[in-house]
Amino acid sequence: AKTCDVAIVVVAADDGVKPQTKEAIEHAKAAKVSLVIALTKTDKEQADINRVKQELSEIGVVPDDWGGDIPCVEVSSKTQEGLENLLEVVLLVSDIAEPKAMFKGLASGVVIESHIDTGKGPVATLLVQNGELKTGDWIVVGSGSGKIRSLEDFRGQTLKKAEPAM
């Protein structure tokens, strides 16, 4: 949760708030990130959106249409309905929160995953949060360190540098 600016918690409209939903919300609150609730499976007959909103209210997450400040967006993965609206709400919430990062100086960030590649050696997927990471820079992760031989984006395109959110 600390790696993001906006957390989207997905709640099934036919199942309601489960223990893992409560846990995800607690993590988002502890990380002090903005929260958006995506109510999914709204196209099912068993979906009870008001019951889910009531359950959310009981754990301190009051939907904006109930007078609270947490946006709840109804979506359907099956029909794709509401997904455009969800993206718009996430962008709006992000604009309101105004996340800021430093684009110059030493890089800092989070390792998302890592592994050893037989052709490349140690490989890590990183999220740069501040500063600028360049090929040739030294990186320290926990008790390990090494020199960056190459940088690639999520498409596999070679980069000369990586800035915040890359």
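The values are calculated or read from the model by the stated rules, or taken from the named source; none is laboratory data. This structure is a prediction, so every number in the text was calculated from the model and none was measured. Please note: Cβ atoms are built from the backbone with ideal geometry, for glycine as well, and neighbour counts cover all protein chains shown.
Summary table below
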| read-out | value |
| --- | --- |
| Residue match in region 1-18 (condition: under 25 Å from ASN130 (Cα atoms), within 21 Å of the chain's Cα centre (by Cα) and acidic (Asp, Glu)) | yes |
| Strands (runs of 3 or more DSSP E) lying entirely in region 98-166 (those with 1 or more residues that are touching a Lys or Arg at 6+ places or on another chain (Cβ under 7 Å), at pLDDT 90 or above and loosely packed, with under 13 Cβ neighbours inside 10 Å) | 138-141 |
| Residue in region 109-138 that is farthest from the chain's Cα centre (by Cα), counting only those that are free of Cβ contacts under 8 Å to residues at least 24 places away in the same chain and within 17 Å of LYS160 (Cβ to Cβ) | GLY136 |
| Of all residues making up region 49-73, the number that are small (Gly, Ala, Ser) and under 20 Å from the mean Cα position of the chain (by Cα) | 0 |
| Residues within region 75-90 that are modelled with pLDDT under 90 and under 30 Å from LEU133 (Cβ atoms), tallied | 0 |
